[in-house]
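Student: What follows is a structure written as structure tokens; I'll ask about it next.
The values are calculated or read from the model by the stated rules, or taken from the named source; none is laboratory data. Treat the numbers as computed from the prediction; the structure is a model and nothing was measured. Please note: Cβ atoms are built from the backbone with ideal geometry, for glycine as well, and neighbour counts cover all protein chains shown.
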Amino acid sequence: MTQKITKYKFFVIGVGGTGSLLARDLPKLLLNTPHKMILLDGDVVELKNIERQGYQAQDIGDNKALSLSRKINSLYPIECEFDDKYCTYESLLSLIKNDRTYVPVIIGCVDNDSTRTILEDVFKRLDNVVYIDSANSDYEGNIYITTKNNGIQKSKFRSQCYQLDLDKHPLEKSCQEQAADGNVQFLVTNAKMAVSILEHCNALLSKELKEGVQVVNRFETVFYN
């Protein structure tokens, strides 16, 4: 009897410092597989992004998700979709339900807890889902890995461990506030976070994923179940 292959669709939410570096390498894991990926971000590439994100000067002025997906589709024989709007509960749930034959892998690479709350709320609505939530400061970060299989959740997500901030969703920020969100995170930290997320994605595809929390400190990594 042929074993049914689980098909995953990777939703990379936020393709800034960590997300753009993850999106650059994730396609290599998906080569010659039935899996897909989609990038979601409403941001536009700016000059300040070139220093620590996966963009070049020719991308300035383009939407980040569009720019990266265009490159990925030209470099690799995989299907990389994009959504050039900021993630909302309704938009993400709709995108997931439009591809019901795939198990969604929600990868949060966002810098605000308002969007994290949206991702957790979408997780709660689904019976089968993987949620990888990344957050970092200049020199350290952590990743929460939570799964749900046939409605049974394994491990806690972020808000079940501490209270999230009541900050603004990107759609609620003024142009001045968005412009003030400058080059906050350290390039090396973003790269370490991206590689750590990529490792969890690889573990998922090889059926070795561990739920829990990974703490990424400067010069060290600690994993908690």
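Student: Scan the stretch 97-127 residue by residue and report those that are more than 23 Å from Gly17 (Cβ to Cβ), modelled with pLDDT under 95 and either surrounded by 15 or more Cβ atoms within 10 Å (Cβ to Cβ) or within 14 Å of the chain's Cα centre (by Cα) (or both).
Tutor: Of everything in the stretch 97-127, just one residue is more than 23 Å from Gly17 (Cβ to Cβ), modelled with pLDDT under 95 and either surrounded by 15 or more Cβ atoms within 10 Å (Cβ to Cβ) or within 14 Å of the chain's Cα centre (by Cα) (or both), namely Asp99.
Student: Would you pick out the residues in the stretch 193-217 that are in a loop (DSSP other than H, G, I, E, B) and more than 24 Å from Val15 (Cβ to Cβ)? Full working, then the answer.
Tutor: Looking only at the stretch 193-217, we keep the residues that are in a loop (DSSP other than H, G, I, E, B), and these are 206-211.
Once the filter is applied, which keeps residues that are in a loop (DSSP other than H, G, I, E, B) and more than 24 Å from Val15 (Cβ to Cβ), the stretch 193-217 yields Ser206, Lys207, Glu208, Lys210, Glu211.
Student: Against the definition (surrounded by fewer than 16 Cβ atoms within 10 Å (Cβ to Cβ) and either under 15 Å from the mean Cα position of the chain (by Cα) or closer than 15 Å to Leu39 by Cα (or both)), how does Ser94 come out, yes or no? Break it down stepwise before answering.
Tutor: Working: surrounded by fewer than 16 Cβ atoms within 10 Å (Cβ to Cβ): yes; either under 15 Å from the mean Cα position of the chain (by Cα) or closer than 15 Å to Leu39 by Cα (or both): yes.
Yes; evaluated as a whole, the condition is true for this residue.
Student: Return yes or no: is Val129 more than 18 Å from Pro170 (Cα to Cα) and aliphatic (A, V, I, L, M)? So that I can check it myself, show each step before the final result.
Tutor: Values: more than 18 Å from Pro170 (Cα to Cα): yes; aliphatic (A, V, I, L, M): yes.
When the stated conditions are applied, Val129 passes them.
Student: Please go through the stretch 7-34 and give me each residue that is part of a loop (DSSP other than H, G, I, E, B), surrounded by fewer than 24 Cβ atoms within 10 Å (Cβ to Cβ) and of a type outside the set (D, E, K, R), ordered by number.
Tutor: Scanning the stretch 7-34 gives Gly16, Leu31, Asn32, Thr33, Pro34.
Student: Can you name every residue in the stretch 105-133 that is hydrophobic (A, V, I, L, M, F, W, C) and in a loop (DSSP other than H, G, I, E, B)? I'd like the intermediate steps shown before the answer.
Tutor: Just the residues of the stretch 105-133 that are hydrophobic (A, V, I, L, M, F, W, C), to begin with: 105-107, 109-110, 118-119, 122-123, 126, 129-130, 132.
Residues satisfying the conditions are Cys109, Val110, Leu126.
Student: Within the stretch 72-102, can you find the residues that are more than 23 Å from Asp127 (Cβ to Cβ) and free of Cβ contacts under 8 Å to residues at least 24 places away in the same chain?
Tutor: The answer is Asn73, Ser74.
Student: Please tell me if Val110 is under 20 Å from His200 (Cα atoms) and touching a residue at least 24 places away in the same chain (Cβ under 8 Å).
Tutor: Values: under 20 Å from His200 (Cα atoms): yes; touching a residue at least 24 places away in the same chain (Cβ under 8 Å): yes.
Against the criterion (under 20 Å from His200 (Cα atoms) and touching a residue at least 24 places away in the same chain (Cβ under 8 Å)), Val110 qualifies.
Student: Follow-up. Working only within the stretch 48-71, note down all residues that are over 30 Å from Val103 (Cβ atoms), in a helix (DSSP H, G or I) and at pLDDT 95 or above.
Tutor: Ala57, Gln58, Asp59
Student: Related question: Which number in (1) free of Cβ contacts under 8 Å to residues at least 24 places away in the same chain; (2) within 16 Å of Leu26 (Cβ to Cβ); (3) not acidic (Asp, Glu) marks the one condition that Val45 misses?
Tutor: (2)
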